[in-house]
Amino acid sequence: MCVEEFLRKLSAYIAEHPPVLHSEDADTILDALFWAYSEAACADSQTVLQYNENLNRLLNGLPVERANTIIDTVNDLCWEHERLGFINGFRIGMRLEQEIAQ
């Protein structure tokens with residue numbers, strides 16, 4: 001089977017059997033991989049725990065609703081940075097594989 005025929009069959013298969021991403025937050029396969037990874041590897045490092053403790057100490061004394069809003073915003077920012085780093089790591093790895101194969 002030539003490459004063109006394989007790609008045609010693969011495209012037809014994917015069109016008939018779209019992947020189930022199993023996450024409402026995933027729009028792409030890489031997003032789904034990130035969410036699966038983040039659920040499986042959720043242990044925080046000592047550095048992350050220390051930063052979290054520092055943040056909580058800084059928020060101490062604020063009204064609970066205000067502190068929660070700030071923490072939610074910080075968490076969203078961190079998740080997005082981690083997600084982009086994960087996805088870009090895959091992209092760089094794929095590009096490296098292409099360069100090595102040349």
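Numbers for the structure displayed
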read-out	value
Mean residue ellipticity (222 nm) of the chain, computed from DSSP H runs ≥ 4 via -39,500 (n - 2.57), nearest 500	-26000 deg cm²/dmol
Backbone N within the stretch 71-102 under 13 Å of label point (7 Å from Leu62 Cα along the Cβ vector)	71-76
Ascending count of other beta-carbon atoms within 10 Å, so fewest first, for Thr28, Thr47	Thr47, Thr28
Under the Debye formula (equal points on every Cα, no solvent term), log10 I(q)/I(0) of the chain at q = 0.24 Å⁻¹	-1.27
Rough spin-label spacing in nm, given labels placed 7 Å along Cα→Cβ, for Tyr13 and Thr73	4.8
Potential extension, Ser45-Ile87 segment - 0.36 nm per residue separation minus Cα distance	13.1 nm
Neighbour-limited loop hits for chymotrypsin sites (Phe, Trp or Tyr not before Pro), the stretch 57-102 (at most 16 other Cβ within 10 Å; DSSP other than H, G, I, E, B)	none
Fewest-first sequence of Tyr37, Tyr13 by Cβ atoms within 10 Å of each Cβ	Tyr13, Tyr37
Given charges at beta-carbon only (K, R positive; D, E negative), |dipole| of the chain in Debye	200
Local electrostatic count, Cys78, Cβ distance below 14 Å [Lys/Arg +1, Asp/Glu -1]	-4
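Any read-out appearing in this document is the output of simple, stated calculations on the displayed coordinates, not a laboratory observation. Keep in mind the model is a prediction, meaning the values are calculated, not measured. FYI the Cβ positions are ideal-geometry reconstructions off the backbone, even for glycines, and counts take in every protein chain you see.
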